[in-house]
1. Somewhere in segment 92-104, is a residue touching a helix residue (DSSP H, G or I) at 6+ places or on another chain (Cβ under 6 Å), in the same structural domain as residue 43 (by TED's automatic domain parsing), closer than 20 Å to residue 29 by Cβ and modelled with pLDDT of 90 or more?
2. Output the number of residues of segment 94-109 satisfying the condition of being surrounded by 10 or more Cβ atoms within 10 Å (Cβ to Cβ) and without any contact (Cβ under 8 Å) to a residue 60 or more places away in the chain.
3. If you check 127, 85, which single one turns out to be in a helix (DSSP H, G or I) and either modelled with pLDDT under 95 or surrounded by fewer than 17 Cβ atoms within 10 Å (Cβ to Cβ) (or both)?
4. So, residue 179, is that one surrounded by 11 or more Cβ atoms within 10 Å (Cβ to Cβ), touching a strand residue (DSSP E or B) at 6+ places or on another chain (Cβ under 7 Å), within 21 Å of residue 222 (Cα to Cα) and free of Cβ contacts under 8 Å to residues at least 40 places away in the same chain or not?
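The values are calculated or read from the model by the stated rules, or taken from the named source; none is laboratory data. Only a predicted model underlies this, so the values are computations on that prediction, with no experimental measurement involved. Glycine also receives a Cβ, built like all others from the backbone with ideal geometry; neighbour counts cover every protein chain displayed.
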């Protein structure tokens, strides 16, 4: 490939940004990832070619590159202070990520675990809100998110939105949770219909509805505990 071609002239599958979107970040070389950061090269080199040369100067070591100064990087034709700062900022972010301790995902074992997770969010809400809890194969929390917000007595829930989020997060199972501002834990006919609609729709995608909780301040109703799933 001619190094003097600009990235926009390359075949689409060879462009770093497009390659990342299509194949994932792991498919890119260090030079390609850095090229995305700096955006352009110089009159003689593409951004990828320039970053290959920069990496070669630092023995192809990201660790050594991260120790460079702005002045060091600005000695390369095509790299000014703005690009140098961007590269060093990315290096620092990588260092900080490596130093972080991964957050332990919460394990969901029973309805009480779900209630304890949602009660602080829902205990004082003046209107109904519907949330979902997405879980992995080990029944550990992937994410929780609000699906809808409504009035004093009801909220409209789109089952398609629930499934979309579950599929995007690659959840194996999910929980639906909503509050009753009235303080009553008795499910309504609409609550029953929603439960069955979500259960049936999720099953078509091989996703299991583990529970549907109705939360109030101090009490809850579990469809699973009541044998209604």
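1. no
2. Within segment 94-109, residues that are surrounded by 10 or more Cβ atoms within 10 Å (Cβ to Cβ) and without any contact (Cβ under 8 Å) to a residue 60 or more places away in the chain number 5.
3. Just a single option satisfies the conditions, and that option is 85.
4. no
To keep it simple, each residue is scored yes or no on (1) under 25 Å from the mean Cα position of the chain (by Cα); (2) in a helix (DSSP H, G or I).
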residue: 165; (1), (2): yes, yes
residue: 174; (1), (2): yes, no
residue: 181; (1), (2): no, no
residue: 206; (1), (2): yes, no
